[in-house]
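Novice: Below you will find the structure I want to go over with you.
Derivation of every value follows stated rules applied to the coordinates shown; laboratory data play no part. All values reported here derive from a predicted model rather than from experimental measurement. Please note: Cβ atoms are built from the backbone with ideal geometry, for glycine as well, and neighbour counts cover all protein chains shown.
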Amino acid sequence: MHIHDRQTYTVESVTNGHPDKICDQISDAILDECLRQDPMSRVAVETFGSHGHLVIGGEVTTLAKVEYAKIARKLYRDIGNSAALKIDVYIVEQSPDIAQGVNTGGAGDQGIMYGFATSETAEYLPTGVVLVHTLARHLQAAREKGEIAWLRPDGKTQVTIHEGKITTVLVSTQHDKKIGHDEVEETVKKKIIAPVIGSLKGIEVLVNPTGSFVQGGFDADTGLTGRKIMVDTYGGLICHGGGAFSGKDLTKVDRSAAYMCRFAAKNIVANGYAKDCLVSVSYAIGHVEPLMVHAIDEKGRSLASLVKKHFDFRPLAIIERLNLRRPIYLQTAAYGHFGKKGLPWEEVVKM
């Protein structure tokens, strides 16, 4: 039994200017501002963008004074959008006094979380996942540095791998309306795809397969926090418990326990106990102890006792071990939450 069949698979990523990702980044920028002012903030913020409108909703328990619309507008502009945006804020601010009464260290909700690592790449992620994020990042970098002047913020990437070889690469990118399809195709192949993939011999390369991609972001599509959970994690190659990350503080196990599962899986692999490791955990609302902590290696053998010995999955223990009450989350809101240097759950420790 393999954790996932890596013979043939396809994975995707999106740029920071994709409408769903704009929303994730706004939600996490708000979370960071709350944590910057008040590390004990409790935050659940969702963002929805559509055709010139942005709605920010949710609940916060914080001593922080936060200008929600101002943060959202700045981020929207920083990503590279110039279109007008009407912003409505519907955030209920609960009294911090109330929160103290319910904060007993139990899980804030029920649910299942998964974490995965593989020795396949230096990032401890499957090759395809690393490649699609790298391609999407290259689109952003080429636009921001002015290397390709006609690139616009919205974009998607996709890679298909069969028996360890790349068979298809797909890049869709928003562009200036004055630029024709042939120029888009030629430039993206040469300046984005080839530097990441290497030789394109024998690989099917698709660039903007619809022919034109002028309208993007909220002008073309709606965006919503939490709608890119596979891009955020492992590309759908392993299980997902269903809980999104962005806009949630770390008392919410959807986020913190998924990070802890990754931390455990990565360290099992980094310390030589497995080539692949899948860790899973589940909770009941209000319960301190998880209902389940399980782990398997690439052959399906249980590593549960090893994980339980070295990693504490009680919600407050996770927050403490990974030092999660810090404003570090905006950087996770595009190009995946895993495989990035400097994030506490990516640290390799001696076991």
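Novice: With an 8 Å Cα cut-off and a minimum separation of 6 or more residues, compute the relative contact order for segment 1-96 in percent.
Specialist: Across segment 1-96, relative contact order equals 28 percent.
Novice: May I ask you to list, by number, the DSSP H helices of the chain whose Cα span along the axis is at least 20 Å and whose average Kyte-Doolittle hydropathy reaches 0.0 or more?
Specialist: Flagged H segments are 127-144, 253-270.
Novice: Based on DSSP H runs of at least 4 residues, each adding -39500 (n - 2.57), what is the mean residue ellipticity at 222 nm of the chain after dividing by all its residues, to the nearest 500 deg cm²/dmol?
Specialist: -9000 deg cm²/dmol
Novice: Let me ask something else. Does segment 270-351 come out rounded, prolate or oblate by the C-alpha gyration tensor, with a ≥ b ≥ c the root eigenvalues, rounded set by a/c under 1.5 and, if not, prolate when a/b is larger than b/c and oblate if not?
Specialist: oblate
Novice: If you keep only loop residues by DSSP, which GluC sites (Glu not before Pro) in segment 107-203 have at most 14 other Cβ atoms within 10 Å of their Cβ?
Specialist: E147, E163
Novice: Also: What are the trypsin sites (Lys or Arg not before Pro) within segment 277-329 that DSSP puts in a loop, where the Cβ has at most 13 other Cβ atoms within 10 Å?
Specialist: Here the sparse-neighbourhood loop sites are K299, R301.
Novice: Can you tell me, using C-alpha contacts under 8 Å and at least 6 residues apart, the relative contact order of segment 80-172 as a whole percent?
Specialist: Answer for segment 80-172 is 17 percent.
Novice: Quick one: what are the phi-derived ³J(HN,Hα) couplings along segment 212-221, Karplus 6.51/-1.76/1.60 with θ = phi - 60°, whole Hz, x for glycine and proline?
Specialist: 3J(HN,Hα) across segment 212-221, in whole Hz: 8, 9, 9, 7, x, x, 5, 6, 9, 7.
Novice: Specify the inter-centroid distance of segment 249-287 and segment 123-150, based on alpha-carbon positions, in whole Å.
Specialist: Taking the Cα centre of segment 123-150 as reference, the centre of segment 249-287 is 27 Å away.
Novice: Taking a label point 7 Å from the Cα of A220 along the Cα→Cβ vector, which residues of segment 113-143 have an amide N closer than 20 Å to it?
Specialist: 132-143
Novice: Where in segment 135-159 is the amide nitrogen less than 19 Å from a point lying 7 Å along the Cα-to-Cβ axis of S82?
Specialist: The answer is 140-155.
Novice: Which trypsin sites (Lys or Arg not before Pro) in segment 133-177 pass both tests, a DSSP loop state and at most 16 other beta-carbon atoms within 10 Å?
Specialist: When the trypsin sites (Lys or Arg not before Pro) of segment 133-177 are filtered for loop state and at most 16 Cβ neighbours within 10 Å, K145, K177 remain.
Novice: Here's another thing I want to ask about it. Pull out the extension gain between V205 and S119, defined as 0.36 nm times the separation in residues minus the alpha carbon to alpha carbon distance; nm, one decimal.
Specialist: Working: separation 86, 0.36 × 86 = 30.96 nm, distance 2.75 nm.
That pair, V205 and S119, stretches by 28.2 nm at full extension.
Novice: At 0.36 nm per residue, and after removing the present C-alpha to C-alpha distance, how many nm does the segment from V288 to L63 gain when stretched out fully?
Specialist: 78.4 nm
Novice: Once you sort the root eigenvalues of the Cα gyration tensor of segment 61-200 as a ≥ b ≥ c, which label holds: rounded (a/c under 1.5), prolate (a/b larger than b/c) or oblate (the other case)?
Specialist: oblate
Novice: Here's something else I'd like to know. Over what distance in Å are the Cα centres of segment 303-351 and segment 1-67 separated?
Specialist: Their Cα centres are 18 Å away from one another.
Novice: Sticking with this structure for a sec: For the chain, just say rounded, prolate or oblate: build the C-alpha gyration tensor, square-root its eigenvalues into a ≥ b ≥ c, call rounded for a/c under 1.5, and beyond that prolate if a/b exceeds b/c, oblate if not.
Specialist: Oblate, because a/c is 1.5 or more while a/b does not exceed b/c.
Novice: Looking at the chain only, what percent of DSSP beta bridges run antiparallel? Nearest 5 please.
Specialist: Bridges in the chain that DSSP calls antiparallel: roughly 75 percent.
Novice: Given contacts defined as C-alpha pairs under 8 Å and at least six residues apart, what's the relative contact order of the chain, whole-number percent?
Specialist: Normalised by residue count, the contact order of the chain is 28 percent.
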